[in-house]
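Quick notes on the structure that follows.
The values are calculated or read from the model by the stated rules, or taken from the named source; none is laboratory data. In this text the structure is predicted, and so the values were computed from the model without any measurement. When we count neighbours, we look across all protein chains shown, and the Cβ atoms used for this are built from the backbone with ideal geometry, even at glycine. These area figures cover heavy atoms from the full protein model, side chains too; ligands, DNA and RNA do not enter into them. Shrake-Rupley method; radii C 1.70, N 1.55, O 1.52, S 1.80 Å.
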Amino acid sequence: MSFPHGSDLETTTRLSRHQGSAEARTLEGWRARGGYEALRRSLDMSPAEVTEVVKASGLRGRGGAGFPTGLKWSFMPKDDGKPHYLCCNADESEPGAFKDREVIRWTPHLLIEGCLIAARAIGAEHAYIYVRGEFFEETRVLNAAVVEAYENGLAGEGILGSSWSCDVTIHAGAGAYIAGEETGLMNSLMGNRAEPWAKPPFPAQAGAFGMPTTVNNVETLAAVPMILEHGAEWYRQWGSERSPGTKLWSCSGHLVRPGNYEFALGLPLSDIIFEACGGTPSGRPVKAVIPGGSSTAFLGGDELDCATTYEGLAEAGSALGTASPIVMDEDTDIVAAMRRIAQFYAHESCGQCVQCREGTSWVVRILQRIEAGDGRPSDIDTLYELCEQMTGRTICVLADSVVFPLRSSLDKFRADYEALMKPSLVAAG
Amino acid sequence: MSRRIHPAVVGAQPFQLTARETFDGPIFETEEGRRRLEAALSRYPTKQAALLPMLGFVQSVKGWIEPEDMVEVAEALDLTPAYVHSVATFYTMYNKHPVGRHFVQVCTNISCHLNRAEEVLRSFLAETGTREGETSEDGEFTVIEAECLGACGFATVVQVNDRYLENVTPDGVPEIVAKLRGARDGAAAGGPAAEGDA
């Protein structure tokens with residue numbers, strides 16, 4: 001229903017080419033599209049060989065951190081005699097990101113196939129798909145596909161007539177952004193509050209239920225079958241050396257054609273915003289873009305020529321993150337936008353670490369009073385100080401996630417903050 | 001659901017957020033309760049892991065979770081009621097009090113904020129005659145502000161029970177509310193169900 005949008009810019013639909021087709025949701029339709037052939041191929045390979053192919057492809061985690069997937073799999077212990085688990089992170093909740101939802105609801109069997117291949121590579125006996133609770137429709141579609149997979153020998157005992165078995169279970173979340181953090185996710189799976197834990201232990205040492213576990217994002221796992229089918233070199237025809245492949249882009253905010261797109265990594269960000277998405281509906285210039293979901297740093301309207309690769313966006317001073325550009329036109333109130341983002345993190349802080357629990361709420365209170373015209377001379381300095389204190393001091397990166405947009409908005413749009421201060425205060429500050 | 005629910009998906013049945021049934025006796029002495037518990041337990045190496053699925057099950061029947069339900073779930077899973085309470089209150093989707101027949105959640109996070117979400121929220125409150133979080137006197141509506149629903153390209157996004165309404169504008173709200181009043185449940189409100197919706 002939402003994909004793909006027509007546009008003048010060439011899209012490279014590999015992950016998403018069957019989105020929009022109701023038939024592709026069924027096992028029959030999926031098989032007619034070559035589904036589960038990659039799984040069959042993986043059964044003729046050793047787990048180490050499967051891992052090697054993914055490693056060679058250079059596939060990087062699509063959940064935000066961009067960690068090399070094959071390398072992550074290779075951390076899993078071999079022949080340790082313990083049960084291993086795969087967790088598929090389908091707790092999509094980064095503001096701006098809505099790509100995994102489309103993978104799940106249009107191509108559930110692609111996700112199941114990716115999970116099974118990953119499970120085979122890491123020696124997992126059980127794959128848990130952790131879907132955010134609000135995704136009712138997506139969960140219904142995925143439920144139906146999992147049942148079909150079980151009924152047709154694609155999950156459970158003796159998959160595809162082989163001696164290999166792997167269970168697949170859908171675990172619905174219940175409303176917590178922090179359950180998208182990998183240790184928070186595993187805690188939630190185990191029936192705890194979704195509080196992240198300090199690493200070590202790393203998931204590959206002691207993850208879900210204390211056993212070696214790998215957590216992979218939906219889009220990451222959905223890319224695995226085509227890599228197995230066509231090979232690492234084929235996958236590397238797109239993107240750069242350090243950012244190979246294609247990527248889903250969730251584009252939102254002030255855009256003529258918002259929505260999900262798939263591009264080879266490396267296009268200029270401005271092409272995605274202006275050519276694919278048609279620029280702003282108001283026709284006004286773009287004031288700011290948060291390129292990788294709300295946890296990444298603001299780029300100004302004059303910084304959009306950067307390449308959309310992990311390294312390109314890092315060089316530009318932001319991050320690829322979940323590849324979810326949020327576009328704001330010239331009339332946008334940056335302070336209000338930043339306040340709304342900060343409110344989200346204050347709401348979603350799990351409360352374990354004081355820098356995050358207190359810091360996020362403090363940031364909101366300061367931004368609210370600046371917005372209301374009651375800013376104090378010291379407020380901007382206090383915000384910078386909070387940025388300092390909230391970086392790198394907590395169990396997970398939720399506090400850091402508010403610092404990236406906050407600090408960059410202060411650096412790049414300081415005039416917007418000062419415009420809301422009383423003139424005397426700006427002079428004094 | 002007509003066919004028998006596979007244990008792999010038992011913890012992932014959509015909550016009927018506004019169901020108004022109660023359990024006929026203790027939850028896990030009902031046939032459905034016993035079956036759900038057994039199925040969930042078969043999917044995890046620990047008993048405790050069935051906690052979220054079981055809380056979800058209780059809510060799917062009653063539409064909310066009472067402290068007494070938490071005690072029953074705790075007993076079934078060998079946990080303390082205090083621990084179950086600490087988990088149930090951590091997650092926003094477990095309703096700790098009853099909500100209206102149409103539970104309306106308006107996302108006002110950044111992408112929706114940029115697309116007049118606050119006006120959409122105000123419009124829902126005005127049309128339903130409620131304050132945020134309050135259930136209307138006729139029990140029809142509860143309207144709350146929600147955090148990101150993960151459909152940012154279709155702002156403003158509004159969740160009504162288990163359906164997403166997308167591209168909602170402030171002007172479109174009166175019609176949505178009127179349809180909901182006449183509908184048996186949220187599903188009939190004209191939510192843009194995807195083609196071939198399962």
### Query
Is there any pair linking a residue in region A:230-253 that is within 30 Å of residue B:151 (Cβ to Cβ) and free of Cβ contacts under 8 Å to residues at least 12 places away in the same chain to one that is part of a strand (DSSP E or B) and charged (D, E, K, R), with Cβ under 9 Å and at least six apart or on different chains, and which?
none
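Quick grid of which residues meet (1) more than 16 Å from the chain's Cα centre (by Cα); (2) facing another protein chain (nearest Cβ under 10 Å); (3) open to solvent by less than 10 Å² (accessible area, probe 1.4 Å); (4) of a type in the set (A, V, I, L, M, F, W, C):
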position	(1), (2), (3), (4)
A:89	no, no, no, no
A:95	no, yes, yes, no
A:99	no, yes, yes, no
A:108	yes, yes, yes, no
A:123	yes, no, no, no
A:129	no, yes, yes, yes
A:134	yes, yes, no, no
A:142	yes, yes, yes, yes
A:145	yes, yes, yes, yes
#### Entry: Scan of region A:270-289 for residues that are of a type outside the set (Ser, Thr, Tyr) and either part of a loop (DSSP other than H, G, I, E, B) or touching a Pro at 6+ places or on another chain (Cβ under 6 Å) (or both), ordered by number
A:277, A:278, A:279, A:281, A:283, A:284, A:285, A:289
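Count, please, the residues in region A:64-87 that happen to be within 13 Å of another protein chain (Cβ to nearest Cβ) and part of a loop (DSSP other than H, G, I, E, B).
2
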### Query
Looking at (1) within 21 Å of the chain's Cα centre (by Cα); (2) more than 10 Å from chain B (Cβ to nearest Cβ); (3) among the hydroxyl-bearing types (Ser, Thr, Tyr), can you tell me which one residue A:177 breaks?
(2)
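Could you check region A:324-422 for helices (runs of 4 or more DSSP H) lying wholly inside it with 1 or more residues that are under 27 Å from the mean Cα position of the chain (by Cα) and more than 21 Å from residue A:254 (Cβ to Cβ)?
So the answer is A:334-348, A:354-371, A:379-389, A:398-412.
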### Query
Within region A:222-281, can you find the residues that are open to solvent by 10 Å² or more (accessible area, probe 1.4 Å), among the aromatic types (Phe, Trp, Tyr) and in contact with a strand residue (DSSP E or B) (Cβ under 9 Å, 6 or more places away or on another chain)?
A:238, A:274
### Query
Using beta carbons and a limit of 6 Å, which pairs, at least six apart or on different chains, have the first residue in region B:89-103 and within 10 Å of residue B:65 (Cβ to Cβ) and the second one of a type in the set (Lys, Arg) and part of a strand (DSSP E or B)?
none
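Which ranges mark the strands (runs of 3 or more DSSP E) fully within region B:128-187 that have 1 or more residues being of a type in the set (Val, Ile, Thr) and open to solvent by less than 30 Å² (accessible area, probe 1.4 Å)?
Of the strands (runs of 3 or more DSSP E) lying wholly inside region B:128-187, those with at least 1 residues that are of a type in the set (Val, Ile, Thr) and open to solvent by less than 30 Å² (accessible area, probe 1.4 Å) span B:141-146, B:158-160.
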### Message
Going by what's in this entry, would residue A:343 be described as under 26 Å from residue B:118 (Cα atoms) and at pLDDT 95 or above?
### Response
yes
### Query
Could you list, in sequence order, the residues of region B:23-47 that are open to solvent by less than 40 Å² (accessible area, probe 1.4 Å) and within 14 Å of chain A (Cβ to nearest Cβ)?
B:36, B:37, B:39, B:40, B:43, B:44
### Task
Consider residue A:182 carefully, then state whether it is touching a residue at least 24 places away in the same chain (Cβ under 8 Å), under 24 Å from residue A:211 (Cβ atoms) and not basic (Lys, Arg).
yes
